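None of the figures in this text is laboratory data; all of them are computed from the coordinates on show. Only a predicted model underlies this, so the values are computations on that prediction, with no experimental measurement involved. Heads up, the Cβs are rebuilt from the backbone with ideal geometry, glycines too, and the neighbour counts pull from every protein chain shown.
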């Protein structure tokens, strides 16, 4: 008889830096009967700030706290052992702000699935963190569905400063500002794209490629059947299907170390004419469809015209 695969262990992930408000929010969440209704929960703490949990106020007593101080102890075998010892069926994880999200996903047991990720930040220190540890800030924002700026003082702070930093990483993440009195306001600043998505032909300027690429990968359906023109580097590979090449550019999110070549699948009968890494200006119709190079659905560009060109003045695209 075949074995039934184990069900996923839901992980509710809370990220951010020390004194950002993670503990306060988790405490309030575990006091809420709508969330903490008796299900056995592992409260896994990877850093300890000044504020401590008061388990006597939890809505259910089936919450088991465990502290991991050393990053080497955050590994698949140890995490699975901790969960098995307490018999919990879900995990609330307060993650260390100085550890990377890549380390998190590399070490989570395969059956642990992140159901929700939220980032909590002290508004008084965020701009400093962003200036001096930008890669760690981007790392946390990239995985989060919501970022909460705690202790936000509207008389001294400008929402736009915070908004622009977050939107430089993700257009999907929700932004909330919690004042020192506990009032919460959600960000409603509009972010028009720097190109007209409703034009008969969408023209992407060189300086806007990073924004375009992120937007089409986050919300591909709105580009379906659109006609588009942009400059890119054409890349061929013998493993690609016939008449297929990749068009893209190197994009830097926050620092030199995170530069990646970001590309889109293109279909053109004359693809074999290209030398790899040749700069072109292409015009194509976008089709959102399944493709083996995406291992799922993605934007496939059906080439209408190609012109050879020089590299842009700034070869590495950025969000700023």
Please find, in a Gaussian network model of the chain (springs between Cα atoms separated by less than 10 Å), the residue of 109, 299, 241 whose mean-square fluctuation is greatest.
-> 241
From the list [x] 20.7, 71; [y] 23.1, 71; [z] 22.2, 92, can you say which value of Rg and Dmax of the Cα atoms in Å was derived from the structure given?
-> [y]
Computed E for residue 281/residue 224 - FRET, C-beta separation, R0 22 angstrom, nearest 0.05 | 0.50
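Using Cα pairs closer than 8 Å and at least 6 residues apart in sequence, work out the relative contact order for the chain, in percent. Walk me through the intermediate numbers first.
Numbers: 596 pairs, mean separation 43.2, N = 320.
Relative CO of the chain lands at 13 percent.
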Report the residue, chosen from 285, 70, 178, that carries the largest GNM mean-square fluctuation when the chain is represented by alpha-carbon nodes joined by springs under 10 Å.
-> 70
Label-point gap, in nm, between residue 132 and residue 174 - each point 7 angstrom along Cα→Cβ = 3.2 nm
Most exposed to least, judged by fewest other Cβ atoms within 10 Å, 129, 95, 213 sort to 129, 213, 95
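Extension gain residue 71-residue 203, at 0.36 nm per residue separation less the Cα-Cα distance, in nm?
On the way: separation 132, 0.36 × 132 = 47.52 nm, distance 4.65 nm.
42.9 nm is the gain from fully extending residue 71 to residue 203.
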Using the alpha-carbon centroid of each, what span in Å lies between the range 105-130 and the range 292-320?
-> 31 Å
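If you take the beta carbon distance between residue 115 and residue 310 as r and set R0 to 35 Å, what does 1/(1 + (r/R0)^6) give as a FRET efficiency, to the nearest 0.05?
0.15
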So what's the angle, to the nearest 10 degrees on a 0 to 90 scale, between helix 209-218 and the longest Cα principal axis of the chain?
-> 60 degrees
Between residue 217 and residue 146, what FRET efficiency comes out of the Förster formula 1/(1 + (r/R0)^6) with R0 = 22 Å and r the beta carbon distance, rounded to 0.05?
-> 0.60
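Arranged by the count of other C-beta atoms within 10 angstrom, fewest first, what order do 91, 63, 15, 203 take? Don't jump to the answer; show the numbers that get you there.
Numbers: 91 24, 63 19, 15 28, 203 13.
Least crowded to most crowded, the residues run 203, 63, 91, 15.
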In degrees rounded to 10, the 0-90 angle between helix 134-143 Cα long axis and the longest Cα principal axis of the chain is 90 degrees
Distance (nanometres) between label positions extended 7 Å along Cα→Cβ at residue 273 and residue 193 | 2.8 nm
Treating the Cα atoms of the range 9-186 as identical point scatterers in vacuum, please give the log10 of the normalised Debye intensity I(q)/I(0) at q = 0.12, 0.16, 0.17, 0.18 Å⁻¹, two decimals.
-> -0.56, -0.98, -1.10, -1.21
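What is the range 9-186's relative contact order, in percent, from Cα pairs under 8 angstrom and six or more apart in sequence? Please report the intermediate quantities before stating the final value.
Numbers: 307 pairs, mean separation 46.8, N = 178.
Result for the range 9-186 is 26 percent.
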Under a Gaussian network model of the chain whose springs join Cα atoms within less than 10 Å, the largest fluctuation of 253, 276, 23 belongs to 276
Reduced to Cα centres, the span from the range 219-268 to the range 6-74 in Å works out to 40 Å
In the range 9-186, what % of DSSP beta bridges are antiparallel (nearest 5)?
-> 10 percent
